[in-house]
Amino acid sequence: MAEHSQKRAIIEKLVDREELVEKYKYFVYSIVKKVRATLHRHVDFEELVSYGMIGLMEAADRFDPTRGISFTTFSYYRVRGAIFDGLRQMGVL
């Protein structure tokens with residue numbers, strides 16, 4: 001019985017994660033536009049979005065709504081950090 005409830009909790013968490021990612025996808029685009037505007041080199045927009053989406057998925061996994069912090073506040077630094085990590089891997093920074 002406990003195994004069934006664990007599986008159900010995992011499935012619910014995945015659904016919540018997918019909903020958060022879908023709902024806040026626009027937020028990634030917004031952050032990418034701001035970061036890209038500060039770069040001197042041409043960097044592919046979609047590549048930065050991919051890195052940002054990785055950050056958004058990590059934020060969705062770790063977000064705890066009981067802490068009283070909005071998801072946008074929580075995810076902003078993770079998304080931005082993932083974009084800059086990607087830029088470092090690409091050799092832009």
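The values are calculated or read from the model by the stated rules, or taken from the named source; none is laboratory data. Model, not experiment: these values are computed from the prediction. Glycine gets a Cβ as well: all are built from the backbone with ideal geometry, and neighbour counts include every protein chain shown. Accessible surface areas use protein heavy atoms only, side chains included; no ligands, DNA or RNA. Shrake-Rupley method; radii C 1.70, N 1.55, O 1.52, S 1.80 Å.
Taking label positions 7 Å along the Cα-Cβ direction at both Phe71 and Arg17, the computed distance is 1.4 nm, reported to one decimal.
A straight Cα-to-Cα reach below 15 Å connects Lys34 with the aspartates and glutamates Asp44, Glu46, Glu47, residues fewer than 8 places away in its own chain not being considered. One decimal place: the segment His42-Ser30 gains 2.6 nm when fully extended, by the rule 0.36 nm per residue minus the C-alpha distance. The 1.4 Å probe gives accessible areas that order Asp85, Asp64, largest first, as Asp85, Asp64.
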